[in-house]
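K.L.:
Before we start, here is the structure in question, set down as structure tokens.
The values are calculated or read from the model by the stated rules, or taken from the named source; none is laboratory data. Only a predicted model underlies this, so the values are computations on that prediction, with no experimental measurement involved. Cβ placement follows ideal geometry from the backbone for every residue including glycine, while neighbour counts extend to all protein chains displayed.
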Amino acid sequence: MAIKVCKFGGTSMADGNVIKSVKNIIDGDMDRRFIIVSAPGKRYSGDIKVTDLLYDSYNALVSGGDFKKAFAAVKSRYVSIVKELNLDFDIDSVLEETEERIIKERSEDFTASRGEYLCARIVAGVLNAKFIDAENVIFFDENGALNGEKSYKAVAEAVKDAPRAVFPGFYGRGADGKVKTFSRGGSDISGAIVARAVHASMYENWTDVSGFLACDPRIVDSPRRIKSISYKELRELSYMGANVLHSESIFPVRRANIPINIKNTFRPGDEGTLILPTSRYTPCGNIVTGVAGKKNFTVIFIEKSLMNSEVGFIADVLNVLKKEGVPVEHIPSGIDTMSLVVESECLQGEKLNRVIEEIKQSVEPDVVRVIENIALIATVGHGMSSSVGTSSRLFSAIAAANINVKMIDQGSSEINIIVGVSNNDYEKCIKAIYREFFV
Ligand code: ADP
Ligand code: ASP
Ligand code: MG
């Protein structure tokens with residue numbers, strides 16, 4: 001029998017009524033056997049996600065604030081969910097135990113993980129399914145990276161006799177034996193791990209939009225839905241900010257060729273988006289598949305005559321960043337120039353000045369200039385490599401919108417072109433590119 005693994009995101013867990021629709025979705029297909037849930041998300045715009053309430057609670061706990069009050073907001077979310085579901089579940093005792101353990105552990109990751117833990121216990125009750133705690137089946141190594149093989153084995157063992165099981169997303173166990181979370185949005189990764197472990201035929205990712213859209217729906221009104229997209233395009237778009245799916249969630253499933261289907265909990269009949277291996281997917285017919293971007297980058301521009309003939313120049317520059325522990329996103333370069341594109345968050349405090357000083361000492365450049373408040377926008381599509389004139393259309397559209405391009409990087413994968421513009425032009429630039437290729 002085919003096995004479908006289903007991950008339900010925060011809005012799909014936001015209140016008891018949505019959880020009832022989730023139960024209908026699961027009951028509607030016998031193949032939907034393994035469920036991964038996020039913590040309850042926003043019920044309305046302006047509401048606060050449970051995970052954010054938990055981070056607030058942890059901050060109150062360690063900074064001498066009112067932890068009890070902050071955690072009361074978390075408790076009331078779960079108490080009303082259980083009430084709305086009319087569930088025979090002693091939520092008060094479970095919350096009490098959880099509160100005690102948070103105080104005892106005093107760990108940010110542990111506190112944040114309780115959003116998923118509590119939600120999965122409730123959903124397991126609703127579905128009458130086995131609850132499998134992620135801390136017993138998902139493992140990280142000493143470097144904090146996923147220990148895939150160990151996790152797949154443990155998940156497969158845990159589900160052996162379970163017709164249906166529910167896992168909390170977002171966390172696992174670190175090499176030190178303590179609960180550790182993925183980065184934000186990480187329940188998508190948990191779902192992919194379970195899909196790989198049980199040899200799923202499909203990884204369904206249920207969210208609040210009817211699929212992967214050609215750009216962020218918060219910037220362009222009702223953008224076109226992408227029917228089918230390759231893992232490669234998905235990786236580029238999600239890494240660059242299309243956070244409907246966590247960018248690391250494709251790794252476990254890609255290896256096993258498991259397709260991902262993005263579906264809408266609030267419109268379950270909609271087709272959604274299918275994410276497939278490049279060899280199996282049918283291109284959408286459009287030159288560009290999608291556009292995504294992120295704000296707040298810093299560009300360090302370096303110029304030195306004859307840079308290219310100086311052996312080890314780039315390595316010396318990169319060594320400075322390595323020493324300071326700063327990851328580099330892109331390195332566009334010319335004959336006598338190179339730029340380092342770095343997330344501004346990684347250069348806070350005195351770090352930026354230190355990096356500049358060390359670069360000056362290490363390679364004695366003619367010029368070093370820092371450009372801040374840069375947004376990066378990626379235009380992605382397999383069709384781009386085979387179609388002449390795409391970049392000229394892209395840059396004409398940006399120029400026509402009166403936007404100054406501060407940096408260009410064409411990825412060597414040939415399926416994307418990245419432009420850097422001022423943060424202030426971010427939304428305008430996405431709109432201009434969308435208009436050019438999709439309207
Ligand atoms: P979940 O809680 O289900 O994991 P997320 O909030 O993480 O949901 O992701 C869904 C949201 O991603 C959508 O509501 C949408 O606002 C946003 N989003 C950003 N870019 C895109 C895109 N290209 N396509 C679809 N949704 C997008
Ligand atoms: N609840 C976590 C977050 O808000 C993980 C997730 O939703 O995937 O980031
Ligand atoms: Mg998400």
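K.L.:
Of everything in the range 155-193, what is under 30 Å from Ala292 (Cβ atoms) and either away from ligand 3 (no atom under 16 Å from the Cβ) or among the charged types (D, E, K, R) (or both)? Give them in sequence order.
P.N.:
Residues satisfying the conditions are Gly172, Lys180, Arg184, Asp188.
K.L.:
While we're on this one: Could you list, in sequence order, the residues of the range 99-121 that are without any contact (Cβ under 8 Å) to a residue 60 or more places away in the chain and surrounded by 19 or more Cβ atoms within 10 Å (Cβ to Cβ)?
P.N.:
Those that are without any contact (Cβ under 8 Å) to a residue 60 or more places away in the chain and surrounded by 19 or more Cβ atoms within 10 Å (Cβ to Cβ): Ile102, Thr111, Tyr117, Arg121.
K.L.:
Sort out which residues of the range 424-439 are exposed (fewer than 15 other Cβ atoms within 10 Å of the Cβ) and not β-branched (Val, Ile, Thr), and write them in order of number.
P.N.:
If the condition is that a residue be exposed (fewer than 15 other Cβ atoms within 10 Å of the Cβ) and not β-branched (Val, Ile, Thr), then Asn424, Arg435 are the ones that fit.
K.L.:
Another one. Within the range 230-247, can one find any residue that is at pLDDT below 95, away from ligand 3 (no atom under 16 Å from the Cβ), out of contact with any helix residue (DSSP H, G or I) (no Cβ under 9 Å at 6 or more places or on another chain) and within 25 Å of Asp31 (Cα to Cα)?
P.N.:
Looking through the range 230-247, none of the residues is at pLDDT below 95, away from ligand 3 (no atom under 16 Å from the Cβ), out of contact with any helix residue (DSSP H, G or I) (no Cβ under 9 Å at 6 or more places or on another chain) and within 25 Å of Asp31 (Cα to Cα).
K.L.:
Evaluate the range 137-153: report whether one residue or more is within 24 Å of Lys75 (Cβ to Cβ) and surrounded by fewer than 21 Cβ atoms within 10 Å (Cβ to Cβ).
P.N.:
No, the range 137-153 has no match at all.
K.L.:
Does Val253 fit the bill of being out of contact with any Leu (no Cβ under 6 Å at 6 or more places or on another chain), closer than 30 Å to Lys406 by Cα, crowded, with 18+ Cβ neighbours inside 10 Å and in contact (Cβ under 8 Å) with a residue 40 or more places away in the chain?
P.N.:
Answer is no for this residue.
K.L.:
Which ones in the range 187-212 are hydrophobic (A, V, I, L, M, F, W, C), surrounded by fewer than 23 Cβ atoms within 10 Å (Cβ to Cβ) and within 11 Å of ligand 1 (Cβ to nearest atom)?
P.N.:
Passing the criteria: only Val209.
K.L.:
Here is a follow-up. Return the pair list, or none, for Cβ contacts closer than 6 Å from residues in the range 1-26 that are in contact (Cβ under 8 Å) with a residue 24 or more places away in the chain and of a type in the set (Asp, Glu) to residues that are outside any helix (DSSP H, G or I) and within 16 Å of ligand 2 (Cβ to nearest atom), at least 6 apart or on different chains.
P.N.:
Once the first residue is in contact (Cβ under 8 Å) with a residue 24 or more places away in the chain and of a type in the set (Asp, Glu) and sits in the range 1-26, its partners that are outside any helix (DSSP H, G or I) and within 16 Å of ligand 2 (Cβ to nearest atom) give Asp15/Arg43.
K.L.:
Moving to a separate point now. Ala175 fails exactly one of the following numbered conditions: (1) touching a residue at least 24 places away in the same chain (Cβ under 8 Å); (2) within 17 Å of the chain's Cα centre (by Cα); (3) more than 10 Å from ligand 1 (Cβ to nearest atom); (4) surrounded by fewer than 24 Cβ atoms within 10 Å (Cβ to Cβ). What is the number of that condition?
P.N.:
Failing condition for Ala175: (2).
K.L.:
If you take the residues of the range 40-79 that are under 19 Å from Thr265 (Cβ atoms) and more than 12 Å from ligand 2 (Cβ to nearest atom), which of them is surrounded by the most Cβ atoms within 10 Å (Cβ to Cβ)?
P.N.:
Residue satisfying both the conditions and the ranking: Arg77.
K.L.:
Then there is this: Looking at the range 160-172, which of the residues that are buried (at least 21 other Cβ atoms within 10 Å of the Cβ) and of a type outside the set (Phe, Trp, Tyr) is nearest to ligand 1 (Cβ to nearest atom)?
P.N.:
Gly169
K.L.:
Moving on to the next point. From the list Ile356, Ile331, Ile335, pick out the single residue that is within 30 Å of Ile415 (Cβ to Cβ), modelled with pLDDT of 90 or more and either of a type in the set (A, V, I, L, M) or touching a helix residue (DSSP H, G or I) at 6+ places or on another chain (Cβ under 6 Å) (or both).
P.N.:
Only one candidate qualifies: Ile331.
K.L.:
Can you tell me how many residues within the range 155-170 are assigned to a loop (DSSP other than H, G, I, E, B) and at pLDDT 95 or above?
P.N.:
Within the range 155-170, residues that are assigned to a loop (DSSP other than H, G, I, E, B) and at pLDDT 95 or above number 6.
K.L.:
Hey, another quick one. Do you know which residues across the range 279-327 are away from ligand 1 (no atom under 16 Å from the Cβ) and among the small types (Gly, Ala, Ser)?
P.N.:
Answer for the range 279-327, where residues must be away from ligand 1 (no atom under 16 Å from the Cβ) and among the small types (Gly, Ala, Ser): Ser279, Gly285, Ser305, Ser309, Gly312, Ala315, Gly325.
K.L.:
Any chance you could count how many residues in the range 359-391 are at pLDDT 95 or above, within 22 Å of Lys294 (Cα to Cα) and not in a strand (DSSP E or B)?
P.N.:
Of the residues in the range 359-391, 0 are at pLDDT 95 or above, within 22 Å of Lys294 (Cα to Cα) and not in a strand (DSSP E or B).
K.L.:
Mind telling me which of the residues Lys83, Lys68, Lys23, Lys75 ends up being part of a helix (DSSP H, G or I) and closer than 30 Å to Met202 by Cα?
P.N.:
Matching residue, one of Lys83, Lys68, Lys23, Lys75: Lys23.
K.L.:
Of the residues Gly285, Gly241, which single one is within 16 Å of ligand 2 (Cβ to nearest atom) and either assigned to a helix (DSSP H, G or I) or not aromatic (Phe, Trp, Tyr) (or both)?
P.N.:
One residue alone meets the criteria, Gly241.
K.L.:
If I filter the range 29-47 down to residues being touching a residue at least 40 places away in the same chain (Cβ under 8 Å) and out of contact with any Gly (no Cβ under 8 Å at 6 or more places or on another chain), which single residue comes out as nearest to ligand 1 (Cβ to nearest atom)?
P.N.:
Top of the filtered list is Ile35.
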